[in-house]
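Asks: Please find one structure pasted underneath; my questions will follow.
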Amino acid sequence: MRRLFIHSKLLILFFCTAFLSLCTTISSTAKAQKLYNPIPLTLGSEISDILSEKDIPTGQGGFARDYIITLTAGDQVAIDLTSTSFDAIVSLISEDGSTVAENDDGPDGNTNSLLFSRVTKTGNYIVRVRAFGETGVGPFTLKVTRLRPVP
C-alpha cells in the first residue's frame, strides 16, 4: 500500500512538472511573438505617434518604429514624415528585408522626410520611422498617400 502511495505521489509530481514546463513554453512563445509587431498602417491615413527609447534599437544609438502596410504593384506612394523633435528619416522596406527607398530630408531643406516611391511587387511593406544620428525621440506625424496619375 505504501509503495502505491509513493508511486501515486511521483506520478502527480511528474504531471505537475510537465504541465509547468508546457505553460512556460507557451508563455515564452507568446512573448517571442510579441517581440516584433509592426503597427498596421493604411494608405491615406495620417497618424500621430511618438518615437521613444522603448522602440527598436537601430544599433547606431537611435531607435526606430515600424509600421506595416499592404501595397500593390504599380502603386506610386508619397510617405511624409514630420517632427519638430528629431531629424526624421523614413524608409520603405520590402518583405525580404531590402530597402526599397529611403529619405532623410524633405525637398524644402528642412529635417522632415518626404519619400516618393513606385511599388513593383504586391505585398506587405514596412514603413520605418527613425531619427538621424544617435539621439532623437519625440512626437511625429506620418502619412502615406497613393499618388494618382493625371488623366
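The values are calculated or read from the model by the stated rules, or taken from the named source; none is laboratory data. Source: prediction; values computed, not measured. In case anyone asks, the SASA skips ligands and DNA or RNA and just uses the protein heavy atoms, side chains included. Shrake-Rupley method; radii C 1.70, N 1.55, O 1.52, S 1.80 Å.
Asks: Fully extended, how many nm does the chain gain between Ser94 and Ile47 (0.36 nm per residue separation, minus their Cα-Cα distance)?
Replies: Residue separation times 0.36 nm, minus the Cα-Cα distance, leaves 14.8 nm.
Asks: Ignoring ligands and nucleic acids, what accessible area does Ile50 show with a 1.4 Å probe (Å², nearest 10)?
Replies: Rounded to the nearest 10, the figure is 90 Å².
Asks: Where does each of Asp75, Asp87 land when they are ordered by accessible area, with a 1.4 Å probe and the largest first?
Replies: Result, largest first: Asp87, Asp75.
Asks: Continuing with this model, one more query. For Val100, tell me the accessible area in Å² from a 1.4 Å probe, rounded to the nearest 10.
Replies: In the full protein context, Val100 sits at about 70 Å².
Asks: Tell me, in nm to one decimal, what length is gained between Thr122 and Gln60 on full extension, where the rule is 0.36 nm per residue of separation less the Cα-Cα distance?
Replies: Between Thr122 and Gln60, full extension yields an extra 19.2 nm.
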